[in-house]
Amino acid sequence: VHPQGGRKAMIGTNPIAVGVPAEPGPFVLDMATGLVSMGKIHDHANRGEPIPPDWALDENGNPTIDAEAAKHGAIAPFGGAKGYALGLAFEVLVASLAASAIGTDVKGTLDSVDVSNKGDLFIVIAPRHADAAKVQISEYLDKLRTMAASEPDRPVLAPGDRARASRRQALSQGLELDDGLWADLQALNTDLEAASKGAAQ
């Protein structure tokens, strides 16, 4: 991610995840402090599709709609200066607590060449009143879901709802793969079969 006002990738996308027990499923926030993930940019590049002009910069620091060029550039921070500050806060917090690499020194997260040297921080809290809290949170989230929506055909969702619905659909109907990813998987399978035959000889 480029700093707010900057033109070069200097900060990780620094994903943040928060899970809280609830029914019918837990509250699950899973987001990055970049406007989008690099995985989404790679997905657009694999499909040969352009990206929105506010997603990323190319390697020269210029806005681009070319997903392939964005892979070598920088992702925009979400929420402008606030997203940049939050991402930077997590960058320095995790590096200081985990004694891990920071900024552009992080390697091995999007490739299989370098050993990953990024840091992760996990905080697990088990409150004594967990059962009562679960009921309270479940009721509150249901109030959000059943409130009048600004667009009637798009109900209010809690974080995690859409992912659970997508998972249910995938389990019952299968996954959709774009042609580029399918071709990559077939090529990988061919390479593995060839390597396996070579090892057996």
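Dividing the convex hull volume of the alpha-carbon atoms in segment 20-73 by its residue count gives 94 Å³ per residue. Put +1 on the Cβ of each Lys and Arg and -1 on the Cβ of each Asp and Glu in segment 3-91; which of G5, G39, A74 then has its Cα farthest toward the positive end of the dipole? Farthest towards the positive pole: G5. Mean separation of Cα pairs under 8 Å and 6 or more residues apart, divided by the residue count, gives the chain a relative contact order of 19 percent.
For the chain, the solvent-accessible area works out to 70 Å² per residue, with a probe of 1.4 Å and every protein chain left in place. Local charge for T146 was computed over the other residues whose Cβ lies under 13 Å away, with Lys and Arg +1 and Asp and Glu -1, and equals -1.
Segment 91-117 and segment 3-33 have Cα centres spaced 16 Å apart.
Semi-axes of the equivalent ellipsoid of segment 64-201 are 36, 27, 21 Å, computed as sqrt(5λ) over the eigenvalues of the C-alpha gyration tensor in descending order. Annotation note: trypsin sites (Lys or Arg not before Pro) in segment 1-45 located in DSSP loop regions with a Cβ neighbour count of at most 16 within 10 Å are R7, K8. Within a straight-line Cα-Cα reach of under 18 Å, K118 can be paired with the following lysines, leaving aside sequence neighbours fewer than 8 residues apart in one chain: K107. Using a probe radius of 1.4 angstrom, the carbon and sulfur fraction of the accessible surface of segment 59-201 is 57%. Loop-resident trypsin sites (Lys or Arg not before Pro) (DSSP state other than H, G, I, E or B) in segment 69-140 with no more than 13 further Cβ atoms inside 10 Å of their Cβ: R128. Taking GluC sites (Glu not before Pro) across segment 135-201, the ones in a DSSP loop with at most 10 further Cβ atoms lying within 10 angstrom of their Cβ are E176. Note on segment 144-201: Cα-Cα pairs beyond 16 Å make up 68% of the total pair count. Computed from backbone phi with θ = phi - 60° and the Karplus coefficients 6.51, -1.76 and 1.60, the 3J(HN,Hα) list for segment 179-196 is 4, x, 5, 4, 5, 5, 5, 5, 5, 4, 4, 4, 4, 5, 5, 5, 5, 5 Hz; x is used for glycine and proline. Accessible surface comparison of M147, M31, probe 1.4 Å, protein chains only, largest first: the order is M147, M31.
By the Stokes-Einstein formula, at 0.692 mPa s and 37 °C, segment 1-102 with its Kirkwood radius over alpha-carbon pairs has D equal to 229 µm²/s.
Other residues lying with their Cβ under 15 Å from the Cβ of G108 contribute a combined charge of -2, Lys and Arg counting +1, Asp and Glu -1.
The values are calculated or read from the model by the stated rules, or taken from the named source; none is laboratory data. What you are looking at is a predicted structure, and each value in this text was computed from that prediction instead of being measured. In this analysis, Cβ positions are derived from the backbone assuming ideal geometry, glycine residues included, and neighbour counts consider all displayed protein chains. Ligands, DNA and RNA are stripped out before the accessible areas are found, and what is left, the full protein with its side chains, is counted by its heavy atoms. Shrake-Rupley method; radii C 1.70, N 1.55, O 1.52, S 1.80 Å.
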